[in-house]
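Engineer: The structure is given below, and queries will be raised subsequently.
The values are calculated or read from the model by the stated rules, or taken from the named source; none is laboratory data. The structure presented is a predicted model; accordingly, all values stated were derived computationally and were not measured. Glycine gets a Cβ as well: all are built from the backbone with ideal geometry, and neighbour counts include every protein chain shown.
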Amino acid sequence: MLLLRSIFFTFILPGTVTVLIPYWLISSREGGFLSSHQLIRYLGLPLIVIGAAGLLSCIWDFFSAGKGTLAPVDPPKHLVVRGLYRYVRNPMYVSVLTILLGETIFFNSLWVAVEAAIFFVLVNLFVAYYEEPYLDRRFGDTYKTYKQTVRRWIPRFRSNAS
């Protein structure tokens, strides 16, 4: 059941943000803001692939190590500090933002860039005012130590958490 819940919430949460909303924005609005040169748009593809790979890796870690899903209503039972979580506290959100930036470039879309900016502001508020206080209460000193050694948004390329 956990695997099915993980798949379901993957389609619902990041699927909505990275597929449905950009599709709606791109199909319902005209005009881009980047160069119309076709080769430049392909610079967005590696960002989309890197973001998707990071997101799937984090979802797997939540499933396998955390015994939970990415949904706030079905969170991991154990604090996940492996994989990308060794380098940044919020790699799922960073991955989604990376996908959105790649889509901004690939689809030459000002509106997807606006979505990315709004996403970052909302996620920052969610993390600061809900998620981190919740994790502090749930995991106590373990999470406090993790917070002190791993940055929220900018990855460290040397692991400080074990």
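Engineer: Identify all residues within the stretch 96-129 that are free of Cβ contacts under 8 Å to residues at least 60 places away in the same chain, polar (S, T, N, Q) and surrounded by 19 or more Cβ atoms within 10 Å (Cβ to Cβ); write none if there are none.
Structural biologist: Within the stretch 96-129, 98 is the sole residue that qualifies.
Engineer: Something else about it: Restricting attention to the stretch 62-78, which residues are touching a helix residue (DSSP H, G or I) at 6+ places or on another chain (Cβ under 9 Å) and either at pLDDT 95 or above or surrounded by fewer than 16 Cβ atoms within 10 Å (Cβ to Cβ) (or both)? Let's see the steps before the verdict.
Structural biologist: Our first condition is that a residue be touching a helix residue (DSSP H, G or I) at 6+ places or on another chain (Cβ under 9 Å); within the stretch 62-78, this holds for 62-63, 65, 67-76, 78.
67, 71, 72, 73, 74, 78 - these are the residues of the stretch 62-78 that are touching a helix residue (DSSP H, G or I) at 6+ places or on another chain (Cβ under 9 Å) and either at pLDDT 95 or above or surrounded by fewer than 16 Cβ atoms within 10 Å (Cβ to Cβ) (or both).
Engineer: Would you be able to say whether some residue in the stretch 116-128 is more than 21 Å from residue 73 (Cα to Cα), small (Gly, Ala, Ser) and assigned to a helix (DSSP H, G or I)?
Structural biologist: For the stretch 116-128, residues more than 21 Å from residue 73 (Cα to Cα), small (Gly, Ala, Ser) and assigned to a helix (DSSP H, G or I): present.
Engineer: Based on what the data block shows, is residue 132 buried (at least 18 other Cβ atoms within 10 Å of the Cβ) and either among the charged types (D, E, K, R) or not in a helix (DSSP H, G or I) (or both)? Don't jump to the end; show me each part of the working.
Structural biologist: Values: buried (at least 18 other Cβ atoms within 10 Å of the Cβ): no; either among the charged types (D, E, K, R) or not in a helix (DSSP H, G or I) (or both): yes.
No.
Engineer: Considering only residues of the stretch 37-68 that are of a type in the set (Val, Ile, Thr) and in contact with a Leu (Cβ under 7 Å, 6 or more places away or on another chain), which is farthest from residue 13 (Cα to Cα)?
Structural biologist: Quick first cut of the stretch 37-68, residues of a type in the set (Val, Ile, Thr) only: 40, 48-50, 59.
Keeping just the survivors that are in contact with a Leu (Cβ under 7 Å, 6 or more places away or on another chain) gives 40, 59.
Details: 40: 29, 59: 12 Å.
Among those that are of a type in the set (Val, Ile, Thr) and in contact with a Leu (Cβ under 7 Å, 6 or more places away or on another chain), it is 40.
Engineer: Can you confirm whether residue 67 is without any contact (Cβ under 8 Å) to a residue 40 or more places away in the chain and either more than 21 Å from residue 127 (Cα to Cα) or more than 12 Å from the chain's Cα centre (by Cα) (or both)? Lay out the reasoning, then the answer.
Structural biologist: Details: without any contact (Cβ under 8 Å) to a residue 40 or more places away in the chain: no; either more than 21 Å from residue 127 (Cα to Cα) or more than 12 Å from the chain's Cα centre (by Cα) (or both): yes.
Considered against the rule, which asks whether it is without any contact (Cβ under 8 Å) to a residue 40 or more places away in the chain and either more than 21 Å from residue 127 (Cα to Cα) or more than 12 Å from the chain's Cα centre (by Cα) (or both), residue 67 comes out as no.
Engineer: Right, another one. Could you tell me whether any residue of the stretch 115-133 is modelled with pLDDT of 95 or more, closer than 26 Å to residue 157 by Cα and more than 16 Å from the chain's Cα centre (by Cα)?
Structural biologist: Yes: one or more hits.
Engineer: Test residue 147 against the stated conditions and say whether it is of a type outside the set (Asp, Glu), surrounded by fewer than 19 Cβ atoms within 10 Å (Cβ to Cβ) and assigned to a loop (DSSP other than H, G, I, E, B).
Structural biologist: Values: of a type outside the set (Asp, Glu): yes; surrounded by fewer than 19 Cβ atoms within 10 Å (Cβ to Cβ): yes; assigned to a loop (DSSP other than H, G, I, E, B): no.
So residue 147 fails the test.
Engineer: Of the residues 98, 10, 69, which is among the hydroxyl-bearing types (Ser, Thr, Tyr) and in contact with a Gly (Cβ under 9 Å, 6 or more places away or on another chain)? Steps first, answer last, please.
Structural biologist: Details: 10 fails: in contact with a Gly (Cβ under 9 Å, 6 or more places away or on another chain); 69 fails: in contact with a Gly (Cβ under 9 Å, 6 or more places away or on another chain).
Every option except 98 fails the conditions.
Engineer: Return the residues of the stretch 2-19 that are crowded, with 17+ Cβ neighbours inside 10 Å, farther than 21 Å from residue 113 by Cβ and out of contact with any Ser or Thr (no Cβ under 6 Å at 6 or more places or on another chain); say none if nothing qualifies. It would help to see each step written out before you state the result.
Structural biologist: Step one: list which residues in the stretch 2-19 are crowded, with 17+ Cβ neighbours inside 10 Å, which gives 6, 9-10, 13-14, 17-18.
Applying the additional criterion that residues be farther than 21 Å from residue 113 by Cβ yields 6, 9-10.
Scanning the stretch 2-19 gives a single hit, 10.
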